[in-house]
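Comments concern the structure below.
The values are calculated or read from the model by the stated rules, or taken from the named source; none is laboratory data. As the structure is a computational prediction, the values presented were derived from the model and not from experiment. Here the Cβ positions follow ideal geometry from the backbone for every residue, glycine too, while neighbour counts run over all protein chains shown.
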Amino acid sequence: MEIVLALAIGVLTASGVWLLLRPRTFQVIMGLVLLSYAVNLFIFCMGRLEIDRPPILLGPDALDPRMYADPVPQALVLTAIVISFATTALFLVVLLAARGLTGTDHVDGREPEE
Amino acid sequence: MTALLRHLPVIPILVPLVVGAVELLLPEARRGLRVALPVASVLAQIAAALMLLYLTTDSMPDMWTEGVGVYSIGSWVAPFGIVLVVDRLAALMVTLTSLVALPALVYSLANWDRVGPGFHSMFQFLLMGLNGAFLTGDLFNLFVFFEVLLAASYGLMLHGSGPARVKAGLHYISVNLTASFLFLIGVAMIYGMTGTLNMADLAQRLTLLDADDRALFEAGAAILGVAFLVKAGVWPLSFWLPSAYSAASAPVAAIFAIMTKVGVYAVLRVGTLLASGDQQISFIDVGLFYGGAATITYGVIGMLAAQQLGRLVAYSVIASSGLLLMALGLQNEALTAPVLFYLVSSALAASAFFMLNGMTDRTRMIQMAASADVAPLPDVTYMGFGVKEPADPLSSEDEVGVAIPAAMAFLGLAFVSCVLLVAGLPPLSGFIGKFAMLYAVVQSAAEGALGWHDWALIAAVLVVGFAAVIALTRIGLRLFWSVTGRTTPRLRVIEAGPVGFLILLCLGLTVGAGPVMTYLDSAARSLHAPDVYIRVVHTAAALEAAP
């Protein structure tokens, strides 16, 4: 399971970085989105990968912490998702404004000279 | 009284949050209230910040001792809950923020706050993020406050619209979003290795890590450091900074002047806390030294090459940021207090300079619009936001304040003061900051010989000042002496006043350098003895309900 997740994060990050370095604004925003997926998965797996372990204590007699997953990374990833969602939306607006004002979707606001 | 005072640390975060939210609901027509609320909020923040400053001097020993105060949010004690920690450095930074915010806000009332919607809300949220970042004692909470201040700054950066701003804003946003991802990766790695996000708890658990975890932890800390350094504008992560700062509207650039200092603050805060466990993180310090040196080189070259005052000031912000990082990288504890003094002085100077640039720029714009057939900026912005243009923008501008006489004389005088501050020449506070840095280097080397690192710092301090004098003199000549037929600009008191206020603050910093330095010395001492910070955070009891 670890290797699958590690590969997924790696592929997402690599594609994200590659897209981020592309000259078109839409590619940049897709790159940022992919990067944010990768980062969210990364935060999530920092709480260790476990199956069948709830993140909340059930009942008064269940006191062995080994039976539970760490809830903190899950809370962190929730916050991170919300924040990256909002900033992506904002970036989308800026992207559209830049397209409208400069007439091109190049990140520098002008087409490179041939 | 003390029961109320215990809630003081949360005031600089709560007040701008509430005021910013209320501003969203107020209709545009209620101009009086829309202006009065933010000003009252900033005044309240100044009062709260000064009170925090007073409390950290141990003047009220029954409240806080040893200059550190802890506020447990929701009465959850550390390390389980999030705590706000006020030590001398945090109190100093909060005070600096509020003192820069007041003039920037007043300046914006002249006309900038009306060229687009939501200026006051975003301004308040920016202040909330800044204050929160300075006060928090939790790494993830630091991330959240960074995001709050960044989200507000994205909006403010674009305030006024126009192609130049949107283009610079696009770069600014993408760089800072990427930096936020690095921040998250760093925080997640640190949590994965130590199981805590509370900074004080983190410093304690550091010593318990075994070698493998230790390596991963250091990688996480380094990634976190890169995220901070993007904010601080270190080379090669600062190419976005000059165009962003010079494209932003004047009051926004004035408050942005403090944003690079947030990065420096975070490096200083986390760096000193993590260094408490042992001294193995010194590779970060070495990186800071060389990074700072490269940043200074970049800033100086940029300053000499800049053709507009706005870009020049932005490069001087980079150079001063580089100087701070280079001095911190020297690992000389005697340097910390002078570095803090220089940080305060350079933030005030850059803020004043950006507003001054706004005034000289605006006159040029009107001139251009009159001579060439170019539409003045506000037309574009009203259209861009779909806001209905006021019937006669010029007449509404005139109502706002009284025009001050001898406008060019004031501009010239303010320009000279700003040059003195940025270049670090006597008699203003920039000189004292730089002199104190040089003195500390030479003094601490009195026991042994000066190493080449020390010589490099001395050279850097002098070169930055020299380059600033050359570049600013050239621009000043062009601005004030060589232009013929320039129309004398109409200045209003609420535009000139803020610049004067900041310069007077720097003058006050010069006159009161003794007491300020004493306070900064104690701040530096407590930074380099983080055991007190850690102990106070761990032993802080939950807030009891007020009787």
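Below is a table of values for the structure above.
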quantity	calculated
Top-ranked residue in segment B:171-187 [being within 19 Å of the chain's Cα centre (by Cα) and among the β-branched types (Val, Ile, Thr); ranked as nearest to the other protein chains (Cβ to nearest Cβ)]	B:173
Matching residues, segment B:111-122, being farther than 18 Å from residue B:244 by Cα and either crowded, with 24+ Cβ neighbours inside 10 Å or within 11 Å of chain A (Cβ to nearest Cβ) (or both)	B:120
Some residue of segment B:123-143 being at the interface with chain A (Cβ under 9 Å from one of its Cβ atoms), aromatic (Phe, Trp, Tyr), crowded, with 24+ Cβ neighbours inside 10 Å and under 19 Å from the mean Cα position of the chain (by Cα)	yes
Which numbered condition residue B:168 fails, given (1) within 19 Å of residue B:264 (Cα to Cα); (2) surrounded by fewer than 24 Cβ atoms within 10 Å (Cβ to Cβ); (3) modelled with pLDDT of 85 or more; (4) more than 9 Å from every other protein chain (Cβ to nearest Cβ)	(1)
Residue within segment B:197-213 that is basic (Lys, Arg), in contact with a helix residue (DSSP H, G or I) (Cβ under 7 Å, 6 or more places away or on another chain), more than 8 Å from chain A (Cβ to nearest Cβ) and closer than 26 Å to residue B:244 by Cα present	no
Segment A:74-90 - residue that is more than 10 Å from chain B (Cβ to nearest Cβ) and closer than 14 Å to residue B:181 by Cβ and, of those, surrounded by the fewest Cβ atoms within 10 Å (Cβ to Cβ)	A:85
Matching entry among B:371, B:351, B:321 (being polar (S, T, N, Q), modelled with pLDDT of 90 or more and over 16 Å from residue B:248 (Cα atoms))	B:321
Residue match in segment B:193-200 (condition: free of Cβ contacts under 8 Å to residues at least 60 places away in the same chain and surrounded by fewer than 20 Cβ atoms within 10 Å (Cβ to Cβ))	yes
Filtered residues of segment B:11-48 (kept if out of contact with any helix residue (DSSP H, G or I) (no Cβ under 7 Å at 6 or more places or on another chain) and modelled with pLDDT under 90)	B:25, B:27, B:28, B:29, B:30, B:31, B:32, B:33, B:35, B:36
Every residue from segment A:26-37 that is more than 8 Å from chain B (Cβ to nearest Cβ) and small (Gly, Ala, Ser)	A:31
Candidate set from segment B:245-269 (those that are under 19 Å from residue B:305 (Cα atoms) and buried (at least 24 other Cβ atoms within 10 Å of the Cβ)); member that is modelled with the lowest pLDDT	B:247
